[in-house]
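Since the structure comes first, as structure tokens, the remarks are kept for the end.
The values are calculated or read from the model by the stated rules, or taken from the named source; none is laboratory data. Being a predicted model, the structure only gives us computed values, none of them experimental. Every residue, glycine as well, gets a Cβ built from its backbone with ideal geometry; the counts of neighbours run over all protein chains shown. Accessible surface is based on the protein model in full, side chains and every heavy atom, while ligands, DNA and RNA are left aside. Shrake-Rupley method; radii C 1.70, N 1.55, O 1.52, S 1.80 Å.
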There are 2 protein chains.
Amino acid sequence: MQRYFTITQLTQEFDITTRTLRFYEAQGLVTPQRRGRQRLYTPGDRTRIKLILRGKRLGFSLAEVKELIGMYGSAPGETGQLRLLMEKIAARREELLEKQRDIELTLLELEEVEAGALARMEELSPVTSEER
Amino acid sequence: MQRYFTITQLTQEFDITTRTLRFYEAQGLVTPQRRGRQRLYTPGDRTRIKLILRGKRLGFSLAEVKELIGMYGSAPGETGQLRLLMEKIAARREELLEKQRDIELTLLELEEVEAGALARMEELSPVTSEER
DNA sequence: AGATCTATTGACTTTAACGTAAAAAGGCGG
DNA sequence: CCGCCTTTTTACGTTAAAGTCAATAGATCT
């Protein structure tokens, strides 16, 4: 098993540029080790990158993604901090649930459009019952 | 029932600025009527605005949203156009389904973090079995 | 009509998230 | 050691999506 990934390996795997990865690093989203000046990414770093990209797909900003990822590692000692963490979790969950509803609605609407389109196609080129 | 909405009514309802609505108009996402220079939004316009904001919440760009909304009104006559429409629908559906999976994963991870946090709280302030 | 509000337009600015280009620094094959 | 290649740094450019500001232009209240 490979201990480290190079930057180009990861850019190829995730179809992003080196600029992007270095930018994420500058924003404090990943902190690969160095061998001299060269970056070495651990499997953990790779996972974080996956999480970043997933967050982006969901429309979160990098700042939001950073906060989200920050939660994963943290088991803060103080009760106050824990309460704060729980609140953040609740807030994120609400957002995600809203997005789920948004998606459901959009999928339903797409279905309607599709049904309409199918009906139009039937109209235009009748039965063709032998296809499929 | 109200036939028209003013721009400020809509900005208040959706918690956006007038600048935003005029920008959407400049991008061809809504085309309110005019009474003199004043904009008058129909219930249909209002619905489009809702769709725009929903698309944005899901991380779509305005250009993508425009394409999406464009599908709703269209029942193109030509078979070729219909086929194209169906393909677009399929593509959007794929994206949305991926987002659904992304959300599921994120929710699961949040649950884990929450469970960890809860455990830590138990540790710190024991039982308190009378609460709730 | 005058004063005051609100809406519109146009120009310029801002922010996030990179892209692009140039220069320097290692690493490697011959 | 030399030339070549990749990586890194630094700096500046770009794009989408508005924000901000100033100058009108109507509309409204009195």
Completion exercise
Rounded to the nearest 10 degrees, the helix A:79-124 long axis (Cα) sits at an angle to the longest Cα principal axis of chain A of 20 degrees
Problem - Global geometry of the protein assembly as shown, whether rounded, prolate or oblate, following the gyration tensor of its Cα atoms and the 1.5 cut on a/c - result: prolate
Practice task
Please state the charge dipole magnitude for the protein assembly as shown, taken about the Cα centre, from unit charges on C-beta atoms (+1 on K and R, -1 on D and E), reported in debye and rounded to the nearest 20.
Solution key: 1520 debye
Fill in the blank from the handout: Per-residue ellipticity at 222 nm attributable to helices in chain B (runs of n ≥ 4 DSSP H, -39500 (n - 2.57) apiece, nearest 500 deg cm²/dmol) works out to -23000 deg cm²/dmol
Completion exercise
FRET efficiency (A:Leu105, A:Thr31; Cβ distance; R0 35 Å; to 0.05) is 0.35
Handout entry: Label point 7 Å beyond Cα along the C-beta direction, distances from A:Tyr72 to other copies (nm, shortest first)
Key = 3.5
Handout entry: Measure of compaction for segment A:7-73 (Cα Rg per 2.2 N^0.38 Å)
Key = 1.05
Exercise for the section: Grab the residue from chain B whose Cβ hugs the B-to-A rotation axis most tightly, plus its distance in whole angstrom. Expected result: B:Gly59, 1
Practice task
Provide an ascending nm list, one decimal, of label-point separations from B:Arg19 to the equivalent residue in each further copy; define each label point as 7 Å from Cα along Cα→Cβ.
Solution key: 2.7
Practice task
Quick one: go through segment A:25-48 and flag any residue whose amide nitrogen is under 17 Å from the point 7 Å out along the Cα-to-Cβ line of A:Arg57.
Solution key: A:46-48
Completion exercise
GNM of chain B, Cα pairs under 10 angstrom: of B:Met71, B:Met86, B:Met121, the biggest fluctuation goes to B:Met121
Handout entry: Relative contact order of chain A, defined on C-alpha pairs under 8 angstrom at six or more residues apart (%)
Key = 15 percent
Practice task
Scan around B:Phe5 for amide H atoms under 5 Å from its own, H built in the peptide plane at 1.01 Å from N, and keep only partners 5 or more places away or cross-chain.
Solution key: B:Tyr41, B:Thr42
Problem - Among A:Gly59, A:Gly36, A:Gly80: highest mean-square fluctuation, GNM of chain A, C-alpha pairs under 10 Å - result: A:Gly36
Problem - Radius 12 Å from Cβ of A:Phe60, net charge of other residues (Lys, Arg +1; Asp, Glu -1) - result: +4
Problem - Relative contact order %, segment B:1-73, counting alpha carbon pairs below 8 Å whose residues are six or more apart - result: 27 percent
Practice task
Please sort by residue number the GluC sites (Glu not before Pro) in segment B:33-126 whose DSSP state is loop and whose Cβ has at most 14 other Cβ atoms within 10 Å.
Solution key: B:Glu78
Exercise for the section: Tell me the distances, shortest first, between A:Leu84 and the same position across the other copies, using label points 7 Å along Cα→Cβ, in nm to one decimal. Expected result: 5.4
Problem - Distance violations [Cα-Cα > 25 Å] among A:Lys56/B:Lys50; A:Lys50/B:Lys66; A:Lys99/B:Lys50; A:Lys56/A:Lys99 - result: A:Lys50/B:Lys66
Handout entry: Apportionment of accessible area to carbon and sulfur, segment B:47-132, percent (1.4 Å)
Key = 53 percent
